[in-house]
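Novice: Can you keep this structure in mind? I'll have questions shortly.
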Amino acid sequence: MNLDIRTIRTIGAAATLWFAGACGFPSPPHVTEKDLTGRWSSSTCHTVLTVDVDHTFSVKNFPTEYSAQSDAVTGKLSGQGRWYLFNDTKDVYSHTLDLKHDQMIYSLDFAQQQNRLVLEWTVGDPDDGFTCRFSQTA
């Protein structure tokens, strides 16, 4: 059997996608702007985030810095800003909710917990920090 390099790459890419799906790496949930508007809270981080339909947000006690040495949050943000739904490409589901405050952007990931959308924010180094999980509240 004589395979050209394009065929080998295609088979390799398909195998990689199948393997990732078989190993339990779920694709991110499809998220629309309507899904994001409302009040979100994280009991772990003691944070409240309000996402408004006009692309503004307000946040109270949003952790921005973490020290692994002291195992403590060393910076918090309370204030307002603008939010954006980051789309990698138009053919791929949205990947993050980006919160822009002053010149800083904080990117929250989408995940599912018990078939409900949750927002995840990792404070500090992903290997040494901790994750705030936000659930939508009434």
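The values are calculated or read from the model by the stated rules, or taken from the named source; none is laboratory data. Since this is a predicted model, take the numbers as computed values, not measurements. Because the Cβ atoms are built from the backbone with ideal geometry, glycine has one as well, and the counts that use them run over all protein chains shown. Side chains are part of the model used for accessible areas, which takes the heavy atoms of the whole protein and leaves out ligands, DNA and RNA. Shrake-Rupley method; radii C 1.70, N 1.55, O 1.52, S 1.80 Å.
Novice: Which residues, counting only those in region 44-53, are modelled with pLDDT of 95 or more and either under 13 Å from residue 99 (Cα atoms) or among the hydroxyl-bearing types (Ser, Thr, Tyr) (or both)?
Specialist: Across region 44-53, the qualifying residues are 47, 49, 50, 51, 52.
Novice: Looking at region 62-75, which of the residues that are in a strand (DSSP E or B) and farther than 14 Å from residue 99 by Cα is least open to solvent (accessible area, probe 1.4 Å)?
Specialist: 75
Novice: Any residue in region 56-74 that is in contact (Cβ under 8 Å) with a residue 24 or more places away in the chain sitting within a Cβ distance under 9 Å of a residue that is aliphatic (A, V, I, L, M) and open to solvent by 40 Å² or more (accessible area, probe 1.4 Å)? List the pairs, counting only those 6 or more apart or interchain.
Specialist: Once the first residue is in contact (Cβ under 8 Å) with a residue 24 or more places away in the chain and sits in region 56-74, its partners that are aliphatic (A, V, I, L, M) and open to solvent by 40 Å² or more (accessible area, probe 1.4 Å) give 59/48; 62/48; 63/73; 64/73; 64/104; 65/73; 66/73; 67/73.
Novice: Restricting the search to region 114-138, which residues are of a type outside the set (Ser, Thr, Tyr), open to solvent by less than 80 Å² (accessible area, probe 1.4 Å) and either modelled with pLDDT of 90 or more or in contact with a Cys (Cβ under 7 Å, 6 or more places away or on another chain) (or both)?
Specialist: 117, 118, 119, 120, 121, 123, 132, 134, 136 - these are the residues of region 114-138 that are of a type outside the set (Ser, Thr, Tyr), open to solvent by less than 80 Å² (accessible area, probe 1.4 Å) and either modelled with pLDDT of 90 or more or in contact with a Cys (Cβ under 7 Å, 6 or more places away or on another chain) (or both).
Novice: Now a separate question. Evaluate the following for residue 56: is it under 11 Å from residue 99 (Cβ atoms) and open to solvent by less than 60 Å² (accessible area, probe 1.4 Å)?
Specialist: Answer is yes for this residue.
Novice: All but one of (1) in a loop (DSSP other than H, G, I, E, B); (2) in contact with a strand residue (DSSP E or B) (Cβ under 7 Å, 6 or more places away or on another chain); (3) not β-branched (Val, Ile, Thr) hold for residue 54; state the number of the condition that does not hold.
Specialist: (2)
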